[in-house]
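Q: So that we are looking at the same thing, I have put the structure below in structure tokens.
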Amino acid sequence: MHRRTFLGVSASLGVSASAALTGAHAQPAAIPIIDTHIHLFDIARPQGVPWPSKDNAVLYHSALPARLRQIAAPLGVVGAIEVECSPWLEDNQWVLDIAAKDTFIVGTVGNLEPGKPEFPKQLERFHRNPLYRGIRYGNLWGRDLPVEWSKPEFAAGLKLLAEASLALDTANPNPALIDAVVRVTDRVPGLRVVIDHLPQLNPPSAGAARDAYQANLRELGKRPQVYVKISEVLRRVDGGIPESLDYYRSRLDELFGIFGEDRVLYGSDWPNSDQWLPYAKELSIVREYFTGKGRAVAEKYFWKNSVAAYRWVKRAADQPA
């Protein structure tokens, strides 16, 4: 072999060996995160905002995509779904207009009332925008899903929602709302339902009420069209907020055991979550829990299941397909 040839082969082998060594020690790519529960509002608007109130020193600051991106993007969050925090009809459009300007927002969950005569036209109007991925209805703004679900006009509205392939988020769960979700999915089985903030629910302590609640939860666990947000995980205990996963593990184990790896979604509830702990801390608790179950499960929780629940479409190169 000529000296020049020998040197060329040696260099090639060195590069190959170096690449192999680098590959052997390379860290797996970070799991991209889609935050399925954030709120947007602008306190500087001339019309103001219905929430939060001016006397809430923690929350009364404009919450817009640029602020969220600054907080969440360094933590691996690549997109978010806005959940409407206003009962004002035109705020459905306001959020869509804000989202259109920033690809970080991959979808919005609006605020409409399915039992109202004007609901079909309102849904048609907002659903023309592909960012509109569903509506929220539950224990919020004086609305009551356990009362409304059985009314024919309400059921008809939910059927329109299902036919449009949109989701129903249910706000602020309690045992009565969980029971209502069973009834709703009996009546409109084609409707995808997302139960918000399930870890925050305080189950009945004992007796028939506890048994009924557990039976309803197990029944929903059998229904593939029902998803749950593992959001609002944190609790206040003796004036403080535990920051260790160990405190929350048993509750997370219970919900994961019922709904499994294909039906759980990540949501921060930002900026409402600022009343508890900073965004990074709450994320670190659920990240520790779900990464402990392996990469495949963590990917489902942090983004894949959100595609199944909301059918959102990526808007930026760093968002998963």
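The values are calculated or read from the model by the stated rules, or taken from the named source; none is laboratory data. Worth saying up front: this structure is predicted, and the values here are computed from it rather than measured. We place every Cβ from the backbone using ideal geometry, glycine too, and count neighbours over all the protein chains shown.
Q: Looking at Asn272, is it within 16 Å of the chain's Cα centre (by Cα), over 30 Å from Tyr60 (Cα atoms) and among the polar types (S, T, N, Q)?
A: Here the answer is no, as Asn272 does not meet what is asked.
Q: Could you check, for the stretch 181-194, whether at least one of its residues is within 21 Å of Asp269 (Cα to Cα), of a type outside the set (A, V, I, L, M, F, W, C) and either in contact (Cβ under 8 Å) with a residue 12 or more places away in the chain or surrounded by 17 or more Cβ atoms within 10 Å (Cβ to Cβ) (or both)?
A: yes
Q: Applying the selection to the stretch 215-272, what residues are in contact with a Gly (Cβ under 8 Å, 6 or more places away or on another chain) and among the polar types (S, T, N, Q)?
A: Matches in the stretch 215-272: Gln225, Ser231.
Q: For the stretch 233-250, state whether one or more residues are buried (at least 22 other Cβ atoms within 10 Å of the Cβ), touching an Asp or Glu at 6+ places or on another chain (Cβ under 8 Å) and at pLDDT 95 or above.
A: Within the stretch 233-250 (the criterion being buried (at least 22 other Cβ atoms within 10 Å of the Cβ), touching an Asp or Glu at 6+ places or on another chain (Cβ under 8 Å) and at pLDDT 95 or above), the answer is yes, since at least one residue qualifies.
Q: Determine which single condition Ser268 fails, assuming it passes every other condition in (1) out of contact with any Asp or Glu (no Cβ under 6 Å at 6 or more places or on another chain); (2) surrounded by 15 or more Cβ atoms within 10 Å (Cβ to Cβ).
A: If we test Ser268 against (1) out of contact with any Asp or Glu (no Cβ under 6 Å at 6 or more places or on another chain); (2) surrounded by 15 or more Cβ atoms within 10 Å (Cβ to Cβ), just (1) comes out false.
Q: A follow-up question, please. Restricting the search to the stretch 195-220, which residues are more than 22 Å from Leu245 (Cβ to Cβ), without any contact (Cβ under 8 Å) to a residue 40 or more places away in the chain, surrounded by fewer than 17 Cβ atoms within 10 Å (Cβ to Cβ) and not hydrophobic (A, V, I, L, M, F, W, C)?
A: Within the stretch 195-220, Pro204, Ser205, Gly207, Arg210, Asp211, Gln214 meet the criteria.
Q: Do any helices (runs of 4 or more DSSP H) entirely within the stretch 258-321 hold 1 or more residues that are under 16 Å from Ile71 (Cα atoms) and touching a residue at least 60 places away in the same chain (Cβ under 8 Å), and if so, which?
A: Hits in the stretch 258-321: 279-291.
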